[in-house]
Structures are given as C-alpha cells and as structure tokens.
Amino acid sequence: RIIEIGVADAFLRNATDASFAALERNNKAMLEARTVAESARRDYEFHETIVRTAGNRTTLGVYRMLRPVIEEIMHLGKASRRAQEYSYHAHTELIDALRSGDRVAYAYLMSQHLRYASQFVAGEPAR
C-alpha cells in the first residue's frame, strides 16, 4: 500500500501515452486470462507498470523482490470470476484517476483496491 500510493506523484510526472497503454493492455489481459496464474501475473504487471513508471529504481527493485509474495496474494484473489471482474473494474478506475491527474482519487481507489485484496490473505469471502 505504501509503495503503490506513494509513487502517484512520480507516476504522474513521468507517465506517457505508452504508460497508459501498458496499463490498459495488462488490465485487459488479466480479465481475458485463461488461468488463475496468468491472471495473477498480468495483475502484477499492471501494478509494476505503475511503480516502474514512477522512475525510482530502488522502489522498483524492492517491488520486484516482493513479486513472489505479491503474485501469491493475487493468485488467491483470482480464484473466482467475480473477483477477476472486480479487479478489472478497479484497475479501470485507477487508470481513469491517473489519466485525469487526480492523485487524491487514485490514493483512495488504490487503498480500496488493496483492502479488497487483503481479504483473500485473511481468508474472508469476497464481497
């Protein structure tokens, strides 16, 4: 949560049309994935694109070091089609907030998105 919310300003300074295209591509690929593993991988790539675009190599290195843990959490959250669709729509809202330069909306939406994902670690049912 700290990383992905904390990089918003740097993302907004560095984002290009290609950055947004990559986010949209990964989001669509996540939804269309044929396996849970592929969906989790595309979900990770969506989030890594945000961190990478921010341009801080140290932060990106830490994020990549956490990849196995992050993907495992994402894997748990992709078991149901409903959860995949929720993630797709949440990502779409995040892209829209970033594209409009609304850092406050982005922070709120990312916080909500990550809170939703945390229920799978705690074993709570999807809402």
Look at ILE95 and say whether it is free of Cβ contacts under 8 Å to residues at least 60 places away in the same chain, of a type in the set (A, V, I, L, M) and open to solvent by less than 80 Å² (accessible area, probe 1.4 Å).
no
On the given criteria, is THR49 within 17 Å of HIS113 (Cβ to Cβ), under 12 Å from the mean Cα position of the chain (by Cα), open to solvent by 40 Å² or more (accessible area, probe 1.4 Å) and of a type outside the set (A, V, I, L, M, F, W, C)?
no
Just checking, how many residues over region 23-42 are more than 17 Å from ARG67 (Cβ to Cβ) and within 12 Å of the chain's Cα centre (by Cα)?
3
Examine region 105-115 for a residue that is open to solvent by 40 Å² or more (accessible area, probe 1.4 Å), basic (Lys, Arg), at pLDDT 90 or above and assigned to a helix (DSSP H, G or I), and state whether such a residue exists.
no
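The values are calculated or read from the model by the stated rules, or taken from the named source; none is laboratory data. The model shown is predicted, which means the values in this text are computed figures rather than measured ones. All Cβ positions, glycine included, derive from the backbone under ideal geometry; neighbour counts span all protein chains shown. Only protein heavy atoms, including side chains, enter the accessible area calculation; ligands, DNA and RNA are left aside. Shrake-Rupley method; radii C 1.70, N 1.55, O 1.52, S 1.80 Å.
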